[in-house]
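Working notes, structure below.
The values are calculated or read from the model by the stated rules, or taken from the named source; none is laboratory data. These numbers were taken from a predicted model, which means no experiment stands behind them. Here Cβ is always computed from backbone atoms with ideal geometry, including for glycine, and neighbour counts include all displayed protein chains.
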Amino acid sequence: MGRILEAYAGEYASGKSENAVNRSLNLLQEGRKVRLVDLDIVEPFYTLRPLKKFLEQVGINVLGWETVETIGLGEAGIPLKAEMTTAFNFKGDVIIDLGYGVNGRNILNLITGSFQERREKIHLNLVINITRPLTSSFSLLVSYITEFGEVDGLINNTHLGEETTIELIQEGAMLVTQVARELGIRVVATTVLRPYAEEIGEFDLMGNKVWPLDRYMPYAMW
């Protein structure tokens, strides 16, 4: 198997960062060499920086958000570490946590210019939480994805904090799967906290794989 190159994007509070962290740790447990890149500079107060020490101690290479260099998107620059523009110059898997919305997609474009010459595929997964206003119905979700642009997969990560229920998760699975079929996009998985995953089983009611998540992002607020 070649190296894995994935980016995780989604609306605010969709769970994209939790998915990116869990994916990185799962790959590490498989014995793979992993770099995790924090490109969530759209919401800079909720970053991977507080987790950086822990992630590096367990063996993940982390490029974290810092206000060090200003690389512009138009006249108003964005704070981006210079080495992030060459994030893919790493001999191993690269997982990217993007900022939310279309702005996150634009930030990804900044670091993929010369990379395209390698003809490697970056798989862009859009994480969906149907309790968020912009992705709460079929029509809204279709519009959101259409505006966002081409994606490779959808992840149902529907939750409502402590008020999450199995029924809500399955409702998210139904809606995300319906939209995926409409747009011709594959559903990568339904991702849920481990206790819910144990209750739901290996597949959700739409036949999508269920991936358990462990919580790390509550420790990433600074």
Seminar exercise, completed: Flagged in the stretch 59-100 as at pLDDT below 65 and closer than 20 Å to residue 16 by Cα, in numbering order, are 65, 66, 80
Problem set entry | Residues of the stretch 8-35 classified as in contact with a helix residue (DSSP H, G or I) (Cβ under 6 Å, 6 or more places away or on another chain) and within 17 Å of residue 93 (Cα to Cα), total | 3
Seminar exercise, completed: Here the residues within the stretch 1-39 that are of a type in the set (A, V, I, L, M, F, W, C) and over 10 Å from the mean Cα position of the chain (by Cα) are 1, 4, 5, 13, 25, 27, 28, 34, 36, 37, 39
Seminar exercise, completed: The condition of being of a type outside the set (Lys, Arg), part of a helix (DSSP H, G or I) and modelled with pLDDT of 95 or more holds, among 180, 189, only for 180
